[in-house]
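Working notes, structure below.
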Amino acid sequence: MILDKLRGAVVVSCQAPEGNPLRAPAHMAAMARAAELGGARGIRAEGVADIAAIKARCALPVIGIRKIHREGRPVFITPTFDDARALVGAGADLIAADGTERPRPGGETLPELIRRVHDELGVPVMADVDSLESGLFAADSGADLIATTLSGYTGSDHHPEEPDLELVRALSETQPLPVVAEGRIWSPDHVADAFAAGAFAVVVGTAITNPVDITRRFVAAVPRTLARE
């Protein structure tokens, strides 16, 4: 079972945003294969094309998401069942979806989405949440795992710099589902701290797979007196 494969795993998120020169299925497939060689035990990927390319080169289980940005719709991570169906068709082994109580397109509810994914697609669902309350709601809705992916990214334009390990701990202590630490995991120490806080698995993205952001962090360390204007 896929959940058994992810227990104690580092999962690498292989995604490239608009404008990133690595934004192509072939590049994401190569990134996933590199992560596999490095010891990752799962991949998180966005979109049908990337997932199909990754599954063709990488033997690891893939957590699939589809980001659909719609005007006035705050839910954008796998917002509908149709999105989930497309991801499974591309090879996703597990679906990650927004697990908050915010309204979804077409009036679909999270419990309905999860039930249909289970019954019609036969794969588990990981709920991306932003708070303890959302995590409890997602657990009650039938999710198989809870991830802290959205912590710090809803309700404010100011995003924290550090991972929300307190949310990992709170979710681990208050509900029975496996908890995945995701979001702003920058270092091996953060990974160790997340497992110490009760994480079932840890997802690392930008710190491994976005060389643009990684380079910016190193450049920012140059003393101002030496940096070029």
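The table below lists the values:
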{"quantity": "Selected residue (only one of V11, V48, V75 is in contact with a helix residue (DSSP H, G or I) (Cβ under 7 Å, 6 or more places away or on another chain) and surrounded by 15 or more Cβ atoms within 10 Å (Cβ to Cβ))", "calculated": "V48"}
{"quantity": "Pairs where the first residue, in segment 18-29, is under 15 Å from A52 (Cα atoms) and the second is of a type outside the set (A, V, I, L, M, F, W, C) and open to solvent by less than 80 Å² (accessible area, probe 1.4 Å), C-beta under 8 Å, 6+ apart", "calculated": "R23/P17; P25/D50; M28/Q15; M28/D50; A29/D50"}
{"quantity": "Any hit, segment 176-187, residues being touching a Pro at 6+ places or on another chain (Cβ under 9 Å) and of a type in the set (F, W, Y)", "calculated": "yes"}
{"quantity": "Residue under evaluation L167, criteria (1) part of a helix (DSSP H, G or I); (2) over 25 Å from I43 (Cβ atoms), criterion not met", "calculated": "(2)"}
{"quantity": "The listed residue being among the small types (G, A, S), open to solvent by 30 Å² or more (accessible area, probe 1.4 Å) and touching a residue at least 12 places away in the same chain (Cβ under 8 Å), out of S172, S141, S134", "calculated": "S172"}
{"quantity": "Segment 144-169, subset among the hydrophobic types (A, V, I, L, M, F, W, C) and under 22 Å from E108 (Cα atoms), residue surrounded by the most Cβ atoms within 10 Å (Cβ to Cβ)", "calculated": "A147"}
{"quantity": "Condition broken by I114, with the remaining ones in (1) of a type outside the set (D, E, K, R); (2) surrounded by 18 or more Cβ atoms within 10 Å (Cβ to Cβ); (3) modelled with pLDDT under 95 satisfied", "calculated": "(3)"}
{"quantity": "Residues of segment 117-134 that turn out to be of a type outside the set (A, V, I, L, M, F, W, C) and either modelled with pLDDT under 95 or over 19 Å from Q175 (Cα atoms) (or both), as a count", "calculated": "4"}
{"quantity": "Some residue of segment 19-33 being assigned to a strand (DSSP E or B) and touching a strand residue (DSSP E or B) at 6+ places or on another chain (Cβ under 6 Å)", "calculated": "no"}
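A quick yes/no check of all residues on (1) open to solvent by less than 70 Å² (accessible area, probe 1.4 Å); (2) at pLDDT 95 or above; (3) assigned to a strand (DSSP E or B):
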position	(1), (2), (3)
I63	yes, yes, yes
P79	yes, yes, no
D83	yes, yes, no
V88	yes, yes, no
A96	yes, yes, yes
T100	yes, yes, no
G106	no, no, no
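The values are calculated or read from the model by the stated rules, or taken from the named source; none is laboratory data. Bear in mind that the values here come from a model prediction, so they are computed numbers and not experimental data. No Cβ is skipped: glycine too gets one built from the backbone with ideal geometry, and neighbour counts run over all protein chains shown. Side chains included, ligands, DNA and RNA excluded: accessible areas come from the protein's heavy atoms. Shrake-Rupley method; radii C 1.70, N 1.55, O 1.52, S 1.80 Å.
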